[in-house]
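Please treat every number below as a calculation from the coordinates, not as lab data. Since we're looking at a predicted model, the values are computed, not measured.
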Amino acid sequence: MTGLAVAEKNAFEQMKAELVRKHPGQFAVVCGRRLLGVYATVDEALLASSRLFDAGILPEGAAMYISEIADKASLKVTARAFRRDGNPQRVPKPSAQRAPAR
C-alpha cells in the first residue's frame, strides 16, 4: 500500500480486534502509531482531530487515519493537518464576506 496514512492504517489494523471488542460501531482516530481517541460519531472524530491540531498536539502535516470500528468498516478517512494561513499550497481560509444582494 502506498499513499497517505500507511503507518496509521497499519497501526489501526493491529489494534482492530481489541477495538471491535470494546468499541464496536464507533470511530477511531490514529496518528502515527498512536490511538488518539475513540468517538461515537465520525463528526466527533473529525472535530476532535481538528481540536488536537489547533492545540498543537498534532504537528502540521501529520497524517491521520479515522475509521469506523467494525470488522468491515463502511467509512475510512485519511487526512493531513495544515494551517489555513493563505499559503497558496494550502487550503485558503473561508471568506466571511457575503455576496452583494441583487
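Remarks
- Intensity falloff of the stretch 6-80 expressed as log10 I(q)/I(0), Debye formula with alpha-carbon point scatterers, at q = 0.16 Å⁻¹: -0.48
- Using θ = phi - 60° and Karplus 6.51 cos²θ - 1.76 cosθ + 1.60, couplings along the stretch 7-14 (whole Hz; Gly, Pro as x): 4, 5, 5, 4, 4, 4, 4, 5
- Amide H to amide H distances under 5 Å link Gln26 with Ile69, where only residues 5 or more positions off or on other chains count and H is placed in the peptide plane.
- Computed from phi, the 3J(HN,Hα) profile of the stretch 38-50 under the Karplus parametrisation 6.51, -1.76, 1.60 (θ = phi - 60°) reads 10, 10, 5, 10, 5, 4, 5, 5, 5, 5, 4, 4, 4 Hz, with x in place of Gly and Pro.
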